[in-house]
1. State all residues of the stretch 239-289 that are within 20 Å of residue 343 (Cα to Cα), assigned to a strand (DSSP E or B) and acidic (Asp, Glu); if no residue qualifies, say none.
2. If you go through the stretch 2-21 one residue at a time, do you hit one that is surrounded by 14 or more Cβ atoms within 10 Å (Cβ to Cβ), in a loop (DSSP other than H, G, I, E, B) and either free of Cβ contacts under 8 Å to residues at least 24 places away in the same chain or assigned by TED's automatic domain parsing to the domain that holds residue 218 (or both)?
3. Search the stretch 113-139 for residues that are assigned by TED's automatic domain parsing to the domain that holds residue 171 and more than 15 Å from ligand 1 (Cβ to nearest atom) and pair each with any residue that is assigned to a helix (DSSP H, G or I) and among the charged types (D, E, K, R) when their beta-carbon atoms are under 8 Å apart and the residues are at least 6 apart or on different chains.
4. For residues in the stretch 264-281 being at pLDDT below 90 and more than 10 Å from residue 304 (Cβ to Cβ), which is surrounded by the most Cβ atoms within 10 Å (Cβ to Cβ)?
5. Which ones in the stretch 24-54 are surrounded by 13 or more Cβ atoms within 10 Å (Cβ to Cβ) and of a type in the set (Val, Ile, Thr)?
6. Can you find a residue in the stretch 327-341 that is within 12 Å of ligand 1 (Cβ to nearest atom), over 22 Å from residue 144 (Cα atoms), surrounded by fewer than 17 Cβ atoms within 10 Å (Cβ to Cβ) and in the same structural domain as residue 274 (by TED's automatic domain parsing)?
7. Being of a type in the set (S, T, N, Q) and either in contact with a Gly (Cβ under 6 Å, 6 or more places away or on another chain) or within 12 Å of ligand 1 (Cβ to nearest atom) (or both) is the filter here, so list the residues in the stretch 140-155 that pass it.
8. Condition first: at pLDDT below 90 and surrounded by 14 or more Cβ atoms within 10 Å (Cβ to Cβ). Now tell me which residues in the stretch 55-77 satisfy that.
Amino acid sequence: MLDKEKVLTILKDVNFPGFTRDIVSFGIIKNVDFIENKTLIYIELPKEDEEVAKKIAVAINNAFSREGFDLPEFEFSVFKKANGQSPPDNSQNIKLPKIDKYLAVASGKGGVGKSTVAINLAIAFSKKIKNIGLMDADIWGPSIPMMCGINTKPMATKDEKIIPIEKFNIKMMSIGFLLGEEDTVIWRGPMVHGAIKQFIEDVEWEGVDNLVVDLPPGTGDAHLSLIQTVPLSGGVIVTTPQDVALLDVKRGIQMFKKLDVPVLGIVENMSYLQDGDKIIDIFGRGGGKAIAEKFSVPFLGEIPIDPEIRKGGDSGQPIVYSNPESETSKAFTKIAETILENL
Ligand SMILES: Nc1ncnc2c1ncn2[C@@H]1O[C@H](COP(=O)(O)OP(=O)(O)OP(=O)(O)O)[C@@H](O)[C@H]1O
Ligand SMILES: [Mg+2]
C-alpha cells in the first residue's frame, strides 16, 4: 500500500535530469496526494521546461514500475512569486565584495574529487599568494567542513555579516558550518540563487583577494542560475579518466562557455596508481589530456589515486597541508602554479 512516505522514498531514487541529486532534496516535490486510488504528484519546476518535465515523469514512472506500483499522475507547475512574476534575476543587483578573482572548480559528475581538488589547490595557492578564500557552493552536499576538520560555527560581525572560518591560512565558508550533521536542507529552485548571493553578500570576505569556489556536481540549469551570481574569472573542470566521466567534461566546458567564463583547464583525478616505481593505469590514464586537446582547453595535470588523499579528506587534513613533500602534493602544487600563470 502506498502512502506519502513511501512515495517520497521512491522519489528520492529519482535524480533531477542532468544532476546527481534527487528531486526530493532539490525541493521540487510540492505535494503528494491520493485521489480515487491514484497517486498524484505535484511538481514545481524552477522554470518552464517541457523537456525536463518529460524526463522527470519518465524517470518517476520507471521508479514506480520497478517497485511494482501503478503509475502516478503528475501536475507540473512553474515557480511563481506571490504577485505572479517570475523569480528575479539577482545577478544584476548583487553587491560584490572586493574580491579580485573567483575561480570555480566544477565537474559534470559527482564523486570525481572536485572538493578534494578545490581544497588542495586552495592550500597550494595560499603558499604562493596571500589572501585566499574557499567558498563551498555545494549547498546540497557540502564537504569542506569534514575535509577541513571544521566543526565550529562561524561568528558574525556587528553588522551581522558571517565571518568565514580560517584554517590552513584560508578563509572558508560552507553552508555545512551552519547546519548540524544530520540536517538536510531542501532548496527550492529560486532559493538556490539566493543562497549563493548570500554567500557573497552576507559573508565578510574582507581581506580575501582570490576565492576558490567548490561547485556542486553537475552542469544543469540550477548550476547556471547558481553561478550566474558570481563573476567567475575562470573555471577548472575535474574528471576521472573513464569515458563516461569524459562525456561530462564536455558538458562542463559547454556550461562555462554559456556563461562566458574562460575554462582554465582540465584536471584528471584518480589518474593512475603508483606502487613504488611502478605506475598502474587503472581507469585508462590520459583521457583527460585527450579531451582537453579535443576541445582546445589547457590540460592542467594528473593526480594519482592515493589512499593518503582519502584519509586526509576523512580526517580533516588535506594532503597538501599535511604532507606537502609527497608526490601527490607536488602534483597539486604544479597544477596550482600553472593556473596562477594562466589567470
Ligand atoms: N586522487 C584520489 N585518490 C584517492 N582518493 C580520492 C582521490 N580524490 C578523491 N578521493 C576521495 O574520493 C571521495 C570523493 O571525493 P570528493 O568528495 O572530493 O569528490 P566530489 O567530486 O567533490 O564529490 P561530490 O560530487 O559528492 O561533491 C573522497 O572520499 C575523497 O577523499
Ligand atoms: Mg564535493
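1. Once the filter is applied, which keeps residues that are within 20 Å of residue 343 (Cα to Cα), assigned to a strand (DSSP E or B) and acidic (Asp, Glu), the stretch 239-289 yields only 268.
2. yes
3. 128/337
4. 281
5. 24, 28, 29, 32, 39, 41, 43, 52
6. Yes, because at least one residue in the stretch 327-341 is within 12 Å of ligand 1 (Cβ to nearest atom), over 22 Å from residue 144 (Cα atoms), surrounded by fewer than 17 Cβ atoms within 10 Å (Cβ to Cβ) and in the same structural domain as residue 274 (by TED's automatic domain parsing).
7. Here is the first cut: in the stretch 140-155, the ones of a type in the set (S, T, N, Q) are 143, 151-152.
Correct list: 143 only.
8. 76
The values are calculated or read from the model by the stated rules, or taken from the named source; none is laboratory data. Predicted, not measured: the structure shown is a model, and the values here were computed from it. Positions of Cβ are generated from backbone atoms using ideal geometry, with glycine treated the same way; all protein chains shown enter the neighbour counts.
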